[in-house]
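The values are calculated or read from the model by the stated rules, or taken from the named source; none is laboratory data. Just so you know, these numbers come straight off a predicted model, no measurement behind them. When we count neighbours, we look across all protein chains shown, and the Cβ atoms used for this are built from the backbone with ideal geometry, even at glycine.
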């Protein structure tokens, strides 16, 4: 039994502390992906195909997916992020396997990087995969679209293997392998698929996977970090709005600050009148002097 298995070795949290503890970013990302998938299910409709077959699809996928045109249309660059949160509504395994991968690898990587840096890493991996995916469609000259979190999940898995190379995992949930072996298998399979040598699925975005994998390798090898970037978490955005509102409130309800500033300006204007005469004043200086006089009268009348 290790020290952390004993009662006195565990951190004790009150119910309040547990509720106030920050939620895992990994679980937050999973929840967002599931929510988007449900929205796709709710908004799906029958779409006729050229062969006469009607399939169920959601208009959200057309909005979120990247394609060959995304790269050439700057007003559509938000799709480089949104495609990573959309999944195929006709195949729940697309969402299921990605979320299992994010759950398995994301928690340890998040613990290593911290919540905020893990979120930055994940979102930038999504964007990097989206740019490469759009380039792939453009060079191939096809009108297909790409959706799914797999590029960012592969990036997370490869970074996991870099941090914990000897951690044992179950490949295909059956075969025990070291994490570094799993990383080599993933990259080799995606390279083979991208080159058309071998592929288990024609719908797999191999280049997006490779973009995520090499992004993760670069992040680890060169010691990248994105802590200088703005905090993208919802809590941080709420704090910024609250702080900005507080500053605006203080600014609005601080008339003495304006009075002191106008007093200095009024002294300068009066000195100018003494030296150059009232005719030398500009319209702005006259207004400042009038405002200062009015504020002084209001202050005496309180």
For segment 78-99: of the residues being under 17 Å from the mean Cα position of the chain (by Cα) and under 20 Å from residue 43 (Cβ atoms), which is surrounded by the most Cβ atoms within 10 Å (Cβ to Cβ)? 84
How many residues of segment 65-88 are under 16 Å from residue 31 (Cα atoms) and either free of Cβ contacts under 8 Å to residues at least 12 places away in the same chain or assigned to a loop (DSSP other than H, G, I, E, B) (or both)? The answer is 2
From the list 145, 133, pick out the single residue that is closer than 28 Å to residue 36 by Cβ, within 23 Å of the chain's Cα centre (by Cα) and modelled with pLDDT under 90. 145
Given (1) more than 15 Å from the chain's Cα centre (by Cα); (2) not in a strand (DSSP E or B), number of the condition residue 169 does not satisfy: (2)
Identify all residues within segment 132-166 that are free of Cβ contacts under 8 Å to residues at least 40 places away in the same chain and either in contact with a strand residue (DSSP E or B) (Cβ under 6 Å, 6 or more places away or on another chain) or part of a loop (DSSP other than H, G, I, E, B) (or both); write none if there are none. 165, 166
With respect to the numbered conditions (1) in contact with a helix residue (DSSP H, G or I) (Cβ under 7 Å, 6 or more places away or on another chain); (2) modelled with pLDDT under 95; (3) surrounded by 12 or more Cβ atoms within 10 Å (Cβ to Cβ), which one is the sole condition not fulfilled by residue 227? (3)
Taking first residues from segment 280-302 that are in the same structural domain as residue 262 (by TED's automatic domain parsing) and surrounded by fewer than 14 Cβ atoms within 10 Å (Cβ to Cβ) and second residues anywhere that are at pLDDT below 80 and part of a helix (DSSP H, G or I), the pairs with Cβ under 7 Å that are 6 or more apart or on different chains are 280/272
Any hit, segment 60-74, residues being farther than 22 Å from residue 203 by Cβ, touching a helix residue (DSSP H, G or I) at 6+ places or on another chain (Cβ under 7 Å) and at pLDDT 55 or above: no
Considering only residues of segment 19-56 that are part of a loop (DSSP other than H, G, I, E, B) and in contact with a helix residue (DSSP H, G or I) (Cβ under 8 Å, 6 or more places away or on another chain), which is modelled with the lowest pLDDT? 22
Please verify whether segment 185-208 includes one or more residues that are in a helix (DSSP H, G or I), assigned by TED's automatic domain parsing to the domain that holds residue 87, touching a helix residue (DSSP H, G or I) at 6+ places or on another chain (Cβ under 7 Å) and within 19 Å of residue 77 (Cα to Cα). yes
The listed residue being over 27 Å from residue 74 (Cα atoms), crowded, with 17+ Cβ neighbours inside 10 Å, touching a strand residue (DSSP E or B) at 6+ places or on another chain (Cβ under 7 Å) and assigned by TED's automatic domain parsing to the domain that holds residue 63, out of 102, 113, 169: 169
